[in-house]
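The values are calculated or read from the model by the stated rules, or taken from the named source; none is laboratory data. Bear in mind the structure is a predicted one, so any value in this text is a computation, not a measurement. Because the Cβ atoms are built from the backbone with ideal geometry, glycine has one as well, and the counts that use them run over all protein chains shown. For accessibility, only protein heavy atoms count, side chains too; no ligands or nucleic acids. Shrake-Rupley method; radii C 1.70, N 1.55, O 1.52, S 1.80 Å.
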Amino acid sequence: QVHLVESGGGMVQPGGSLRLSCTAFGSIASINVMGWYRQAPGKQRELVADSPSGRNRAITDSVKGRFAISRDNAKNTVYLEMNSLKLEDTGVYSCNYRDTGGQNAWGQGTQVTVSS
């Protein structure tokens, strides 16, 4: 019953910035986790950043210092701010929602391409 809508993908030059947004619609639990995953060409999907509905959050080491995840609980929206983008950041970025009620939803994915 949860549907995720993503936006913000596109093409950017190395060193550039991009901001991804993901908004959840439907039966949203008060306690949940929303995060961003990515899959580069020829590689497995990996977690980029997770943001629980509470204060704690996590981000993978490869993007730490360059990316930041944030939430607006009133809008049921999670953001991924990406700065100093590198060629290896290229991939399909997908938003994820999960909660203890058993819901596990994925967005369709948004393409991020870092290219000269």
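Rolling a 1.4 Å probe over the protein heavy atoms of segment 29-116, with every protein chain left in place, gives an accessible area that is 46 percent carbon and sulfur. With contacts taken as Cα pairs under 8 Å at a separation of at least 6 residues, segment 76-116 carries a relative contact order of 42 percent. Along the axis of the charge dipole computed for the chain (Cβ charges of +1 for Lys and Arg, -1 for Asp and Glu, origin at the Cα centre), the listed residues 82, 28, 12 are led at the positive end by 82.
Pairs of alpha-carbon atoms within less than 8 angstrom and 6+ residues apart define the contacts here; what relative contact order does the chain have, in percent?
This gives 36 percent for the chain.
Pairs of Cα atoms nearer than 8 Å and 6+ residues apart set the relative contact order; for segment 19-63 it is 29 percent. When the residues 61, 99, 89 are ordered by accessible surface, computed with a 1.4 Å probe over the protein chains alone, the sequence from largest down reads 61, 99, 89. Take the Cβ atoms of residue 104 and residue 68, set R0 to 22 Å, and the FRET efficiency comes out at 0.35.
Charge dipole (Cα centre; +1 on Lys/Arg Cβ, -1 on Asp/Glu Cβ; no other charges) of the chain amounts to roughly 120 debye. Taken per residue, the accessible surface of the chain reaches 55 Å², heavy atoms only and a 1.4 Å probe. Which part of segment 57-98 falls in the paramagnetic zone of residue 46, meaning amide N under 11 Å from the point 7 Å along Cα-to-beta-carbon? Correct set: 60-64, 88-90.
Just round it to a whole percent: the fraction of Cα-Cα distances in the chain exceeding 23 Å. Counting every Cα pair in the chain, those more than 23 Å apart make up 24 percent.
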